[in-house]
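The values are calculated or read from the model by the stated rules, or taken from the named source; none is laboratory data. What you see is a predicted model, and the numbers here were worked out from it, not measured in a lab. Virtual Cβ from ideal backbone geometry, glycine too; neighbours counted across all protein chains shown.
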Amino acid sequence: MNSNKIIFFVFLFEVLTFFYIGFLLLWPVKTIEILNAPSPVLNGEVTAGDVVHVYVKYCKYVDKPATIERALVDTIVIYYEPIINRLPKGCGELTLAVKIPEYALSGIYSIRSSITHQVNPIRKETVIYETQKFHVTGLVDKLPEVLDAEAK
């Protein structure tokens, strides 16, 4: 009789563990919402090495830090270093300043961002958004002007 109780409690523990892990993996969680995607770029034309300003309206539903990974996207993709963001829970507006690398070629770009929250010990939730397209003039394109100015 005693061994039957042990088997029952072990079985019950396994079933409860299974449902708990299923809950952690499958329960829908809304972490952050970008309200104005694609986010507008305030200065539509920039030179490589300058800063582009992006206006973002958001609502954040969890009070956890997020890892933000950005990429400058055209026919080539230029990745930025990931950053940790600790925005408080709630809605708000931001103007982000993103530096365009000096080595960026001329073209029509957008900035793709992925925001990842660790919602529980075994699950991450990622939201991806892009900015509106903007024009980048690469420094390579300005090279003839620079050489002419130095020659004079």
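Things worth noting here:
- From VAL52, VAL29, VAL41, residue being among the aliphatic types (A, V, I, L, M), at pLDDT below 90 and under 25 Å from THR116 (Cα atoms): VAL29
- Any hit, segment 12-19, residues being surrounded by 15 or more Cβ atoms within 10 Å (Cβ to Cβ) and not in a strand (DSSP E or B): no
- Restricting attention to segment 47-101, the residues being closer than 16 Å to LYS133 by Cβ and polar (S, T, N, Q) number 1.
- Qualifying residues in segment 96-114 (those that are under 15 Å from the mean Cα position of the chain (by Cα) and within 23 Å of ASN43 (Cβ to Cβ)) - the one surrounded by the most Cβ atoms within 10 Å (Cβ to Cβ): ILE111
- Among the residues listed as VAL77, VAL119, the single one being closer than 20 Å to GLU33 by Cα, β-branched (Val, Ile, Thr) and modelled with pLDDT under 95: VAL119
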